[in-house]
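As structure tokens, the structure follows; a few thoughts come after it.
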Amino acid sequence: MATPSSLLIFTDLDGTLLNSDDYRYDAALPILHQLHQRGVPVIPVTSKTRQEVIALRHEIAPQDPFVVENGSAIFWVPGDRRFDLTPMDPGGDLHSYCLGCTYSEARQGLADLSQALQVSLRGFGDLTPAALQGLTGLPAQEVGWAQAREFTEPFVMPSEVSAEQIRCLVHDLGLGIVVGDRFSHLIGAGAGKGRAVQRLVAAYQAAQPGQAVYTVGLGNSPNDLPMLEAVDWPIVIPGAAGPHPALGDRGWHIAPHPGSAGWAIAVETLYAQHR
Ligand SMILES: [Mg+2]
């Protein structure tokens with residue numbers, strides 16, 4: 001088995017490391033601290049924006065890279081030698097590597113999709129902060145962070161069109177889509193949680209040739225499937241009613257509790273076996 005230094009932990013945030021009801025993660029703080037002390041990267045892989053992750057990461061994983069907007073871009077602290085990835089925009093507080101499209105391309109895609117469907121689709125960019133707050137229940141400050149989009153456009157799923165029809169049209173437009181229950185996300189064709197994980201694993205591997213890299217992924221919903229399929233050890237975080245049906249029957253490890261409590265136990269158990 002690999003040494004702890006070559007262990008990589010990729011994690012979804014909402015409903016996985018963060019509780020789905022109160023967005024807290026207190027139960028995971030002791031193991032997060034321990035992983036940080038031991039230099040084990042905890043890499044958020046989320047649909048959240050850069051600003052949303054920056055607001056959280058100082059306690060979760062202050063030095064580790066993170067993946068935003070459904071695998072559209074990887075951000076990291078300049079000078080991190082643990083992996084080998086060439087930044088696309090050297091300079092600034094964070095370096096980045098983009099797999100997706102620009103926000104204006106995603107916005108244009110939504111306009112094209114609306115026209116093709118003859119349905120007026122509403123994206124985050126069409127909504128006032130108050131309207132978005134009403135739809136999401138986010139606190140006012142966090143609405144601003146959620147609207148600070150760089151690569152993807154979430155939109156309200158129309159009731160009159162099937163997800164399959166939307167998928168086909170988005171593909172024809174040369175974009176990708178992550179379908180959700182209330183919101184779906186238009187993303188660049190090269191983006192995706194699985195692709196971003198694969199890119200980062202290759203970058204870590206390139207920086208430590210000859211050493212095995214062992215990867216863990218934690219997620220709670222179908223939008224995490226590509227990430228969970230891309231790691232050696234997928235862990236499913238259940239909801240209050242159990243694991244999501246799309247994730248629960250794959251023979252993957254299922255954490256004993258929802259949210260951060262389940263996250264902490266699953267990671268503590270795995271880490272104890274790994275040392
Ligand atoms: Mg989630």
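The values are calculated or read from the model by the stated rules, or taken from the named source; none is laboratory data. Being a predicted model, the structure only gives us computed values, none of them experimental. Here the Cβ is made from the backbone with ideal geometry for all residues, glycine too, and neighbour counts use every protein chain on show. The area values use the complete protein model at the heavy-atom level, side chains included, leaving out ligands, DNA and RNA. Shrake-Rupley method; radii C 1.70, N 1.55, O 1.52, S 1.80 Å.
Residue by residue, here is whether (1) within 18 Å of the chain's Cα centre (by Cα); (2) assigned to a loop (DSSP other than H, G, I, E, B); (3) crowded, with 19+ Cβ neighbours inside 10 Å holds:
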{"position": "Gln205", "(1), (2), (3)": "no, no, no"}
{"position": "Ala212", "(1), (2), (3)": "no, yes, no"}
{"position": "Gly217", "(1), (2), (3)": "yes, no, yes"}
{"position": "Leu228", "(1), (2), (3)": "yes, no, yes"}
{"position": "Pro234", "(1), (2), (3)": "yes, no, yes"}
{"position": "Leu247", "(1), (2), (3)": "yes, no, yes"}
{"position": "Arg250", "(1), (2), (3)": "no, yes, no"}
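Does Asp14 satisfy being within 16 Å of the ligand (Cβ to nearest atom), open to solvent by 30 Å² or more (accessible area, probe 1.4 Å), modelled with pLDDT under 90 and within 20 Å of the chain's Cα centre (by Cα)? Steps first, answer last, please.
Values: within 16 Å of the ligand (Cβ to nearest atom): yes; open to solvent by 30 Å² or more (accessible area, probe 1.4 Å): yes; modelled with pLDDT under 90: no; within 20 Å of the chain's Cα centre (by Cα): yes.
Considered against the rule, which asks whether it is within 16 Å of the ligand (Cβ to nearest atom), open to solvent by 30 Å² or more (accessible area, probe 1.4 Å), modelled with pLDDT under 90 and within 20 Å of the chain's Cα centre (by Cα), Asp14 comes out as no.
Among residues belonging to the stretch 179-203 that are under 30 Å from Pro158 (Cα atoms) and part of a helix (DSSP H, G or I), point out the one that is most open to solvent (accessible area, probe 1.4 Å). First the steps, then the outcome.
Going residue by residue through the stretch 179-203, those that are under 30 Å from Pro158 (Cα atoms) are 179-196.
Remaining after also requiring part of a helix (DSSP H, G or I): 193-196.
Working: Lys193: 7, Gly194: 7, Arg195: 121, Ala196: 0 Å².
Among those residues, the one meeting the criterion is Arg195.
Please determine, by comparing only the residues of the stretch 20-39 that are modelled with pLDDT under 95 and either within 16 Å of the ligand (Cβ to nearest atom) or in contact with a Leu (Cβ under 6 Å, 6 or more places away or on another chain) (or both), which one is most open to solvent (accessible area, probe 1.4 Å).
For the stretch 20-39, the residue satisfying everything is Asp21.
Exactly one of (1) at pLDDT 95 or above; (2) of a type in the set (D, E, K, R); (3) out of contact with any strand residue (DSSP E or B) (no Cβ under 8 Å at 6 or more places or on another chain) is unmet by Arg82. Its number?
Evaluating Arg82 over (1) at pLDDT 95 or above; (2) of a type in the set (D, E, K, R); (3) out of contact with any strand residue (DSSP E or B) (no Cβ under 8 Å at 6 or more places or on another chain) leaves (1) as the failure.
In the list Ala111, Ala140, Ala131, which residue meets the criterion of being of a type in the set (A, V, I, L, M, F, W, C), open to solvent by 10 Å² or more (accessible area, probe 1.4 Å) and touching a helix residue (DSSP H, G or I) at 6+ places or on another chain (Cβ under 8 Å)?
Numbers: Ala111 fails: touching a helix residue (DSSP H, G or I) at 6+ places or on another chain (Cβ under 8 Å); Ala131 fails: touching a helix residue (DSSP H, G or I) at 6+ places or on another chain (Cβ under 8 Å).
Going through Ala111, Ala140, Ala131 in turn, just one is of a type in the set (A, V, I, L, M, F, W, C), open to solvent by 10 Å² or more (accessible area, probe 1.4 Å) and touching a helix residue (DSSP H, G or I) at 6+ places or on another chain (Cβ under 8 Å): Ala140.
Does Phe83 qualify as being free of Cβ contacts under 8 Å to residues at least 40 places away in the same chain and either surrounded by 13 or more Cβ atoms within 10 Å (Cβ to Cβ) or more than 26 Å from Ser6 (Cβ to Cβ) (or both)? Please lay out each step first, then the result.
Details: free of Cβ contacts under 8 Å to residues at least 40 places away in the same chain: no; either surrounded by 13 or more Cβ atoms within 10 Å (Cβ to Cβ) or more than 26 Å from Ser6 (Cβ to Cβ) (or both): yes.
So Phe83 fails the test.
Let's see how each residue does on (1) open to solvent by 50 Å² or more (accessible area, probe 1.4 Å); (2) modelled with pLDDT under 95; (3) of a type in the set (S, T, N, Q):
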| site | (1), (2), (3) |
| --- | --- |
| Thr3 | yes, yes, yes |
| Gln51 | yes, no, yes |
| His58 | yes, yes, no |
| Ala61 | no, yes, no |
| Trp76 | no, no, no |
| Cys98 | no, no, no |
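Which pairs do you get when a residue that is touching a residue at least 60 places away in the same chain (Cβ under 8 Å) and assigned to a helix (DSSP H, G or I), found in the stretch 261-275, comes within reach of a residue that is open to solvent by less than 10 Å² (accessible area, probe 1.4 Å) and polar (S, T, N, Q), reach meaning Cβ atoms under 7 angstrom, with the pair 6+ apart or on two chains?
Going by the 7 Å Cβ cut-off, the qualifying pairs are Trp263/Thr16.
Right, Ala261: open to solvent by 30 Å² or more (accessible area, probe 1.4 Å) and within 16 Å of the ligand (Cβ to nearest atom) or not? If you could, list the steps in order and put the result at the bottom.
Details: open to solvent by 30 Å² or more (accessible area, probe 1.4 Å): yes; within 16 Å of the ligand (Cβ to nearest atom): yes.
It is true that Ala261 is open to solvent by 30 Å² or more (accessible area, probe 1.4 Å) and within 16 Å of the ligand (Cβ to nearest atom).
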